[in-house]
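Q: Before anything else, here's the structure in question.
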Amino acid sequence: MRKFNTAGLCIPEEDYMVDLGTKLRQIKQLVDNRCYFTINRARQYGKTTTLSALKRSLKDIYIVISISFEGIGDESFASQDSFCPMLLRKISKALRFAWVPETYAQEWLNNEIVSFELMSDHITRMCEGKKVILMIDEVDKTSNNRVFIHFLGMLRDKFLARKKGEDYTFHSVILAGVYDIKNIKLKMVTEGSYTPTAEENKLYNSPWNIAVDFEVDMSFSPEEIAWMLAEYEADHSMDMDVDIIALSKELHTYTGGYPYLVSRLCKHIDEKLDKDWTYNGINSAVKILLEEKNTLFDDLFKNLETYKDLYDLIYSVLIRGEQRNYVIDDPFIELGVTFGFLKNNNGKVVIANKIFEVRIANYCISKEYRSHPGKQITGVLQYDVVHNGEFNMELCLRKFAQHYAELFNKHDVKFLEKYGRLLFLSYLKPLINGQGFYHIESQFTDLRRMDIVVDFGSEQFIIELKLWHGEKYKKQAYKQLLGYMASKNTNTGYLLTFDFRSDKNKERCEEWVSMEGKRIFDVVV
């Protein structure tokens with residue numbers, strides 16, 4: 001019986017997969033056109049699975065060399081005379097399983113080739129009269145990419161010579177990794193003490209400028225998720241309690257189509273939640289995912305620690321609500337997109353999916369708590385606001401307002417203007433942990449407002465955090481919240497406003513307001 005696989009390569013015979021047909025046809029078109037390109041996508045985004053499927057689809061037309069730099073020690077990248085033999089060994093071994101004569105596979109081996117000049121001549125001989133595809137997975141695994149960059153420069157020169165009819169080389173070259181070739185230099189400089197020479201800078205600016213843009217969408221669309229769930233439903237001879245299309249849209253809402261996250265939620269529903277294919281089942285799977293340790297989240301936190309500028313950018317967008325234009329030349333916006341953390345939403349930078357919103361917000365909370373241990377509202381326990389399994393959001397906000405007034409005063413204004421939102425999130429998080437979760441609607445967040453959705457059991461609460469900017473903006477806040485409540489099909493909402501004016505001008509309140517047939521609990525602190 002097939003399973004949902006989140007641990008490496010997926011194959012159709014053993015694992016539930018989306019239909020890759022459309023993606024493979026788009027990639028094959030690039031190969032047929034003799035293009036060189038890089039598939040750079042985030043960790044666990046289906047790159048290896050896609051390359052494996054591509055290899056199978058091309059094997060009857062091309063000689064496909066499929067290798068990986070996974071597990072290769074840095075010593076193989078120390079110099080040309082170590083890199084070249086390693087690469088040829090990899091190629092020869094791969095060809096043993098590539099439906100070609102064994103003699104051809106053996107001919108690739110040549111221990112006397114210890115320079116790129118000799119390697120270039122060897123590639124010419126081995127590719128003459130043949131259509132050879134070179135696919136290299138995990139091209140950015142090594143911490144020393146200088147020799148590899150020089151290898152790419154050699155491939156570029158051969159590509160250009162072929163265009164002029166003066167050489168033979170690979171029909172198409174496909175590189176796969178997290179980093180694109182153009183930002184490998186940023187990785188090297190950030191992760192080590194490496195400073196490129198002027199000559200290397202020149203090379204790094206153009207080692208792969210022959211490559212075409214890879215624009216194939218490798219995320220899972222709701223329709224692709226539905227196809228996978230239909231395969232599952234047929235295998236188990238069952239009728240899901242909720243329409244498959246609706247379930248697929250809900251899975252996409254939380255994950256943004258990130259392949260690992262989609263498969264992980266499905267795996268939890270199948271194996272841990274007694275096949276509860278309902279909205280509640282998805283909600284429960286999200287809770288499990290948000291509380292577990294896995295390699296994707298470990299990688300997320302490692303990158304936020306490594307790239308301080310990227311952390312500051314994400315913090316400003318997610319927590320501070322700063323509107324950042326999507327600028328393609330900004331290296332850290334580009335890096336955030338490369339890692340799968342950020343995306344372009346109508347020209348603005350937003351967090352890529354709701355799962356990442358929660359995990360990154362929780363990470364920011366813990367990080368700021370360590371920096372400001374005395375600036376927290378504590379003492380409220382879960383049983384204070386949870387009764388018979390139901391969360392009392394009104395009481396939660398009243399207690400927050402009470403403790404806020406006791407702990408903070410006008411001398412804390414600068415701190416609160418910067419950390420007020422984080423203060424509320426750090427207060428809320430332990431109260432819903434274990435039974436619920438929250439996420440920040442980052443595409444609706446700005447310096448004046450932040451929309452938070454809290455899921456607790458079968459209940460959902462809509463909260464808008466607002467900074468006081470006058471009565472005009474308060475009316476706008478009501479209107480915005482009512483609109484968001486309508487989109488979530490709820491008649492109850494909550495508005496928490498931070499007012500940083502002097503005490504004599506503040507109008508503290510904790511009251512229910514009725515508008516347009518809906519109720520809003522309005523709290524000003």
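The values are calculated or read from the model by the stated rules, or taken from the named source; none is laboratory data. Worth saying up front: this structure is predicted, and the values here are computed from it rather than measured. Neighbour counts are summed over all protein chains in view; Cβ atoms, including those assigned to glycine, are modelled from backbone coordinates with ideal geometry. For the accessible areas, the whole protein counts, side chains as well, though only heavy atoms, and no ligand, DNA or RNA atoms are used. Shrake-Rupley method; radii C 1.70, N 1.55, O 1.52, S 1.80 Å.
Q: Could you list, in sequence order, all residues of the stretch 117-141 that are in contact with a Gly (Cβ under 9 Å, 6 or more places away or on another chain) and surrounded by fewer than 19 Cβ atoms within 10 Å (Cβ to Cβ)?
A: Result: Glu138, Lys141.
Q: Hey, among the residues in the stretch 155-186 that are over 16 Å from Leu30 (Cβ atoms) and acidic (Asp, Glu), which one's modelled with the lowest pLDDT?
A: Taking the candidates together, the pick is Asp157.
Q: Hey, another quick one. Which condition does Arg448 not pass, out of (1) open to solvent by 10 Å² or more (accessible area, probe 1.4 Å); (2) free of Cβ contacts under 8 Å to residues at least 60 places away in the same chain; (3) under 22 Å from Glu322 (Cβ atoms), if it passes all the others?
A: All conditions pass for Arg448, except number (2).
Q: While we're on this one: Please enumerate the residues belonging to the stretch 11-58 that are open to solvent by less than 20 Å² (accessible area, probe 1.4 Å), closer than 22 Å to Leu300 by Cβ and not hydroxyl-bearing (Ser, Thr, Tyr).
A: Within the stretch 11-58, Ile39, Ala42, Lys47 qualify.
Q: Collect the residues in the stretch 59-76 that are of a type in the set (A, V, I, L, M) and crowded, with 17+ Cβ neighbours inside 10 Å, keeping them in residue-number order.
A: Across the stretch 59-76, the qualifying residues are Ile63, Val64, Ile65, Ile67, Ile72.
Q: Would you point out the residue of the stretch 401-460, among those that are among the hydroxyl-bearing types (Ser, Thr, Tyr) and in contact with a strand residue (DSSP E or B) (Cβ under 8 Å, 6 or more places away or on another chain), that is modelled with the highest pLDDT?
A: The selected residue is Tyr438.
Q: Now for a separate question. Is it true that Ile174 is over 36 Å from the mean Cα position of the chain (by Cα) and either touching a residue at least 40 places away in the same chain (Cβ under 8 Å) or open to solvent by less than 30 Å² (accessible area, probe 1.4 Å) (or both)?
A: Answer is no for this residue.
Q: Here's something else I'd like to know. Listed residues Asn294, Asn353, Asn280, Asn345; which is closer than 30 Å to Met240 by Cβ, in contact (Cβ under 8 Å) with a residue 12 or more places away in the chain and open to solvent by 20 Å² or more (accessible area, probe 1.4 Å)?
A: One residue alone meets the criteria, Asn280.
Q: I would also like to ask the following. Would you confirm, using the coordinates I've provided, whether Lys287 is open to solvent by 40 Å² or more (accessible area, probe 1.4 Å) and not small (Gly, Ala, Ser)?
A: For Lys287, the condition - open to solvent by 40 Å² or more (accessible area, probe 1.4 Å) and not small (Gly, Ala, Ser) - is not met.
Q: Count, please, the residues in the stretch 249-269 that happen to be among the small types (Gly, Ala, Ser) and more than 10 Å from Ser219 (Cα to Cα).
A: The number of residues fulfilling the criteria is 1.
Q: If I go through the stretch 345-360 residue by residue, how many of them are in contact with a Phe, Trp or Tyr (Cβ under 8 Å, 6 or more places away or on another chain) and over 15 Å from Ile328 (Cβ atoms)?
A: 9
Q: Restricting the stretch 96-116 to residues that are out of contact with any Ser or Thr (no Cβ under 9 Å at 6 or more places or on another chain) and open to solvent by 80 Å² or more (accessible area, probe 1.4 Å), which is modelled with the lowest pLDDT?
A: Trp99
Q: Here is a follow-up. For the stretch 1-108, please list each of the helices (runs of 4 or more DSSP H) lying entirely inside it that holds at least 3 residues being in contact with a Gly (Cβ under 9 Å, 6 or more places away or on another chain).
A: Counting at least 3 such residues, we get 47-58.
Q: When Thr142 is evaluated against the numbered criteria (1) within 21 Å of Glu70 (Cα to Cα); (2) touching a strand residue (DSSP E or B) at 6+ places or on another chain (Cβ under 9 Å), which criterion, by number, is the only one it fails?
A: It fails just one condition, (2).
Q: Shifting gears a bit: Within the stretch 1-10, restricting attention to residues that are under 22 Å from the mean Cα position of the chain (by Cα) and not aliphatic (A, V, I, L, M), which residue is surrounded by the most Cβ atoms within 10 Å (Cβ to Cβ)?
A: Here the answer is Cys10.
Q: Further question on the same structure: Tell me yes or no: at least one residue of the stretch 162-169 is among the polar types (S, T, N, Q), in contact with a helix residue (DSSP H, G or I) (Cβ under 7 Å, 6 or more places away or on another chain), under 21 Å from Lys55 (Cβ atoms) and open to solvent by less than 20 Å² (accessible area, probe 1.4 Å).
A: Looking for residues that are among the polar types (S, T, N, Q), in contact with a helix residue (DSSP H, G or I) (Cβ under 7 Å, 6 or more places away or on another chain), under 21 Å from Lys55 (Cβ atoms) and open to solvent by less than 20 Å² (accessible area, probe 1.4 Å), one finds at least one in the stretch 162-169, hence yes.
Q: Quick one: how many residues across the stretch 467-489 are among the hydroxyl-bearing types (Ser, Thr, Tyr), under 26 Å from Tyr279 (Cβ atoms) and open to solvent by 30 Å² or more (accessible area, probe 1.4 Å)?
A: 1
Q: Same structure, new question: What residue, among those in the stretch 377-400 that are modelled with pLDDT of 85 or more and outside any helix (DSSP H, G or I), is most open to solvent (accessible area, probe 1.4 Å)?
A: Restricting to residues being modelled with pLDDT of 85 or more and outside any helix (DSSP H, G or I), the top hit is Asn388.
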